[in-house]
1. What spacing in nm lies between the two simple spin-label points modelled at Val42 and Asn65, each 7 Å away from Cα in the Cβ direction?
2. Would you work out the charge dipole size for the chain about its Cα centre, treating the Cβ of every Lys and Arg as +1 and the Cβ of every Asp and Glu as -1, and quote it to the nearest 20 debye?
3. For the chain, what is the largest minus smallest coordinate of the Cα atoms on each principal axis, given in angstrom and ordered from greatest to least?
4. Report, ordered by chain and residue number, the lysines lying within cross-link reach of Lys18, taken as a straight Cα distance under 20 Å and ignoring same-chain residues fewer than 8 apart.
5. Can you spot the lysines whose alpha carbon is less than 29 Å from Lys53's alpha carbon? Ignore those fewer than 8 places along the same chain.
6. Once Lys and Arg get +1 and Asp and Glu get -1 on their Cβ, which of Gln76, Ala59, Ile29 lies farthest toward the positive end of the dipole of the chain?
7. Using Cα atoms only, what is the angle between the long axis of helix 26-38 and the major principal axis of the chain, expressed in degrees (0 to 90) to the nearest 10?
8. Leaving ligands, DNA and RNA out of it, work out the accessible area of Arg58 with a 1.4 Å probe and give it in Å² to the nearest 10.
Amino acid sequence: MDKSGTMDMQSEKIQLAKMLLETENPNIIESIKRIFKKNKTVDFWDELSPEQKNEIERASTEIENGELTDYDSFMQKHR
């Protein structure tokens, strides 16, 4: 992002902060809280089961070791 884009973003944040400080409407404040809670980034890895993590790690190791099957060979077995 260029400097003008960064300045625009900062300006928008300042305007939003001003509007938030000036409001007396509890519904607006609650809505903003919900937005932030909903948009909180969660690492999908933390939500996987131990079995799923192990499977992904095993697959990653197989890829690193060149233990691959190309698409055509895979599809021939399943047609």
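The values are calculated or read from the model by the stated rules, or taken from the named source; none is laboratory data. A quick note: this is a predicted structure, and the numbers were derived from the prediction, not measured. Cβ atoms come from the backbone with ideal geometry, glycine included; neighbour counts cover every protein chain shown. What goes into the accessible areas is simple: the full protein's heavy atoms, side chains included, and nothing from ligands, DNA or RNA. Shrake-Rupley method; radii C 1.70, N 1.55, O 1.52, S 1.80 Å.
1. 3.4
2. In total the dipole reaches around 480 debye.
3. Sorted from largest, the Cα extents of the chain read 65, 34, 26 Å.
4. The qualifying lysines are Lys33.
5. By straight Cα distance, Lys53 reaches Lys37, Lys38, Lys40, Lys77.
6. The one lying farthest along the dipole's positive direction is Ile29.
7. 20
8. Using a 1.4 Å probe on the heavy atoms, I get roughly 120 Å².
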